[in-house]
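What follows is a short report on a single structure.
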């Protein structure tokens, strides 16, 4: 077992995430290196100052511009939109991990079988249309609609959407591109290699499936604990018994290492291969100062209880919280400085005026907005300005909230 102070634990997590010291990744090649290391980056379409994956990447990738992500997804096709924890962006070579799940048919396919006839008939029509067209939107199938059905989470859906999602979850369709929040679907066989599409399941058993996904999620964050967590979302048939079994097997196979962090009774686990990174940090413990504005769904924040324990930072994305119950705002970004969360930022892009507007910055308790931090904030805001194609940064009067102004 490895014993760490909280300071050491923070430094390791941030180094693993590419958020400590100088940026480790650069350009499209660096973007691919990070996504392959992380496994996936969570997607969300809300765009106040960049979408969640764009914010996640700009915090880590030097010279990142939004167009890079679209190119890698829809031109180079080295990345793909698919479900991991939730809807995510992942390396194309990992697609079979999620389309060939050992645990059985996909959720969407199971739903389709319950509504079998209308959905299956629509799937036949979709195949016919896509044999001639490059892509289609759900709205292109309105002339074939025969009514709605109960679909995902008990909500009503058009038959077309249900059929498209079924074919997508099975790996028969891919997202060709997006027009705002609308997805254009295309036949996977037209854009992906036959080798990839014919690949067998990478899992020998359900236990193997759970082991590989646990190891993948640990690697996504840096380390995790064997307890209920949002970091385990999307893993099929994965309750307490299965989770315990997977952790025990990984320990026996020496693929993970136990971590004890001072002041925290729960044991954490890291990938055995990441011990080298931990050792390198102990040899060179100091890193240059750096500030970043993080996405609400940043990989580092996948387990917010873990972040509260290790960083003493209690973060909630309040976009789904009723306005009268919000403590801060609907879209507030955590602000990281060196190895601490020092505040929360409300910032908006005004596209027409080409202005990036800093509305509120709430400092955390016991944090001071020193001269060096002000300079780091200004530098970070300028990077954000360019990233959002704005011409200037404007600050609302009274934007910086001291500890007693929350």
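The values are calculated or read from the model by the stated rules, or taken from the named source; none is laboratory data. Since the model is a prediction, treat every value here as computed from it, not as a measurement. Here Cβ is always computed from backbone atoms with ideal geometry, including for glycine, and neighbour counts include all displayed protein chains.
Key figures for this structure:
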quantity: Residue check, residue 130 surrounded by 19 or more Cβ atoms within 10 Å (Cβ to Cβ), more than 19 Å from the chain's Cα centre (by Cα) and either within 30 Å of residue 387 (Cβ to Cβ) or at pLDDT 95 or above (or both); calculated: yes
quantity: Segment 368-393, residues that are within 26 Å of residue 288 (Cβ to Cβ) and over 28 Å from the mean Cα position of the chain (by Cα); calculated: 368, 369, 370, 371, 372, 374, 375
quantity: Members of segment 24-42 found to be closer than 17 Å to residue 68 by Cα and touching a residue at least 60 places away in the same chain (Cβ under 8 Å), listed by number; calculated: 40, 41, 42
quantity: Set 297, 277, 281: member being assigned to a loop (DSSP other than H, G, I, E, B) and more than 13 Å from residue 214 (Cβ to Cβ); calculated: 297
quantity: Which numbered condition residue 250 fails, given (1) within 22 Å of residue 206 (Cα to Cα); (2) in contact with a strand residue (DSSP E or B) (Cβ under 6 Å, 6 or more places away or on another chain); (3) surrounded by fewer than 19 Cβ atoms within 10 Å (Cβ to Cβ); calculated: (3)
quantity: Qualifying residue in segment 23-34 (condition: on the phi > 0 side of the Ramachandran plot and either in the same structural domain as residue 348 (by TED's automatic domain parsing) or buried (at least 19 other Cβ atoms within 10 Å of the Cβ) (or both)); calculated: no
quantity: Residue tally, condition assigned to a loop (DSSP other than H, G, I, E, B), closer than 30 Å to residue 382 by Cα and more than 16 Å from the chain's Cα centre (by Cα), over segment 60-77; calculated: 5
quantity: Search result, residues across segment 293-330 that are buried (at least 21 other Cβ atoms within 10 Å of the Cβ) and closer than 17 Å to residue 50 by Cα; calculated: 293, 294, 295, 296, 297, 298, 299
quantity: Subset tally (residues that are within 26 Å of residue 254 (Cβ to Cβ) and in a loop (DSSP other than H, G, I, E, B)) for segment 19-44; calculated: 2
quantity: All positions within segment 220-237 that are within 16 Å of residue 39 (Cβ to Cβ) and surrounded by fewer than 19 Cβ atoms within 10 Å (Cβ to Cβ); calculated: 229, 230, 233, 234
quantity: Residue that is modelled with the lowest pLDDT, among those in segment 95-117 that are surrounded by fewer than 19 Cβ atoms within 10 Å (Cβ to Cβ) and part of a helix (DSSP H, G or I); calculated: 107
quantity: Residue 45, sole failed condition from (1) under 20 Å from residue 174 (Cα atoms); (2) surrounded by fewer than 22 Cβ atoms within 10 Å (Cβ to Cβ); (3) touching a strand residue (DSSP E or B) at 6+ places or on another chain (Cβ under 9 Å); (4) modelled with pLDDT of 95 or more; calculated: (4)
quantity: Of all residues in segment 147-161 being surrounded by fewer than 16 Cβ atoms within 10 Å (Cβ to Cβ), outside any strand (DSSP E or B) and in contact with a helix residue (DSSP H, G or I) (Cβ under 9 Å, 6 or more places away or on another chain), the one that is modelled with the lowest pLDDT; calculated: 152
